[in-house]
Every structure is written in structure tokens, then in C-alpha cells.
Amino acid sequence: MRLQRIAGNWIGEEKIHPSPWDPHGGTAIGSVHNRVALDGFVVVQDYAHERDGRVVFRGHGVFTWNEAEQCYVLYWFDSMGVPPNIFKGHFENDVLTMTSKDLQGHSRVLFDFTRDGRYTYRMEVSQDGNQWYLFTEASYDKKES
């Protein structure tokens, strides 16, 4: 599975743009632990978002390949207390783009794996699925174990 290349521990700076969820925006430190599980069929992600020296947001993701729909799927759970999000998408070269639609609107995430030892991340949001706004952008470096 192509997602196995993100296995490991990652840390990076995140920029959060002002939005209804975070009116002022700001910067944070993101820590990501990705591990391959279930005989290589999934990647399990644990995420922590730290501001001012304390973790203020946590997430848990499960990435897999859906053979029936021929797409990658991310099941995302987090500490916001909302129902889980389901993102679906595809790779174009080394960039995975996935989208989700739920009661809060639309989300689009992009994972760019073009550089070894680093990946970049973007999340965009939209109320209608037509006009998109940048919510988060980050760059994570792989930590040596």
C-alpha cells in the first residue's frame, strides 16, 4: 500500500487560518505517529496539536484502500466531539487528495509525499463544495527513532 511510506513519527509547524472554528488562527506544533497495522492493510494515525506548550486537540485516523470503490479512505476521529469524518480520494503521483462531506460542510485534505523525510499537509473547507477556504497548512519532518 502506498500509504506505508508515511509510517513513523513526524513533527512540524502548522499554520491555522482564521475560521469559525478558530477565529484568530495562529501557529501550532503537530505531532503525528503513523504505524502500519493489520498485515499492511491499514495505517493507523495518532495526532496531537500543541499550542503554548499544551495539547489542545487530538485526532485518530485509519487509512486504508477500498477495493470496491477503488479509492483510499481515511476514517477520522477527534477530540472535537463531532461524528467521525470519512475522507475518500486518490494519489496523483506522490500527492494524496481526499474529500469529505458531513453536516458541517465539505473538507478537502492534501498530503504531499514528494520529498523523502518530509510531507506537507493542507486542509481546505467549504460550506457549498464550490468556494474553498484554506484552514490549515503544515510541514512535517520525520523524527529519527
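The values are calculated or read from the model by the stated rules, or taken from the named source; none is laboratory data. Values in this document were obtained by computation on a predicted structure and should not be read as measured data. Methodologically, a virtual Cβ is constructed for each residue, glycine included, from the backbone with ideal geometry; neighbour enumeration extends over all protein chains shown.
Of all the residues that make up segment 124-145, how many are surrounded by fewer than 17 Cβ atoms within 10 Å (Cβ to Cβ), without any contact (Cβ under 8 Å) to a residue 24 or more places away in the chain and within 17 Å of the chain's Cα centre (by Cα)?
Going through segment 124-145 one residue at a time, the tally reaches 1.
Working only within segment 32-66, note down all residues that are within 26 Å of PHE91 (Cα to Cα) and of a type in the set (Lys, Arg). Let's see the steps before the verdict.
Here is the first cut: in segment 32-66, the residues within 26 Å of PHE91 (Cα to Cα) are 32-49, 58-66.
Hits for segment 32-66 are ARG35, ARG58.
Can you tell me which residue among THR64, THR27 is exposed (fewer than 11 other Cβ atoms within 10 Å of the Cβ) and either β-branched (Val, Ile, Thr) or in contact with a helix residue (DSSP H, G or I) (Cβ under 9 Å, 6 or more places away or on another chain) (or both)?
Values: THR64 fails: exposed (fewer than 11 other Cβ atoms within 10 Å of the Cβ).
It is THR27.
SER79: buried (at least 16 other Cβ atoms within 10 Å of the Cβ) and either of a type in the set (Gly, Ala, Ser) or under 27 Å from HIS24 (Cβ atoms) (or both), yes or no?
no
Each row is one residue, and each column tells you yes or no for (1) within 24 Å of LYS15 (Cβ to Cβ); (2) exposed (fewer than 14 other Cβ atoms within 10 Å of the Cβ).
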| position | (1), (2) |
| --- | --- |
| HIS49 | yes, no |
| ASP52 | yes, yes |
| GLY59 | yes, no |
| PHE91 | no, no |
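One residue is enough: does segment 31-38 have a residue meeting the conditions modelled with pLDDT of 90 or more, loosely packed, with under 15 Cβ neighbours inside 10 Å and not in a strand (DSSP E or B)?
The answer is yes, given that some residue of segment 31-38 is modelled with pLDDT of 90 or more, loosely packed, with under 15 Cβ neighbours inside 10 Å and not in a strand (DSSP E or B).
Could you check how many residues of segment 56-65 are touching a Phe, Trp or Tyr at 6+ places or on another chain (Cβ under 7 Å) and either assigned to a loop (DSSP other than H, G, I, E, B) or closer than 13 Å to VAL32 by Cβ (or both)? If you could, list the steps in order and put the result at the bottom.
Step one: list which residues in segment 56-65 are touching a Phe, Trp or Tyr at 6+ places or on another chain (Cβ under 7 Å), which gives 58-65.
Next, only the ones that are either assigned to a loop (DSSP other than H, G, I, E, B) or closer than 13 Å to VAL32 by Cβ (or both) stay: 58-61, 63.
Total satisfying the criteria: 5.
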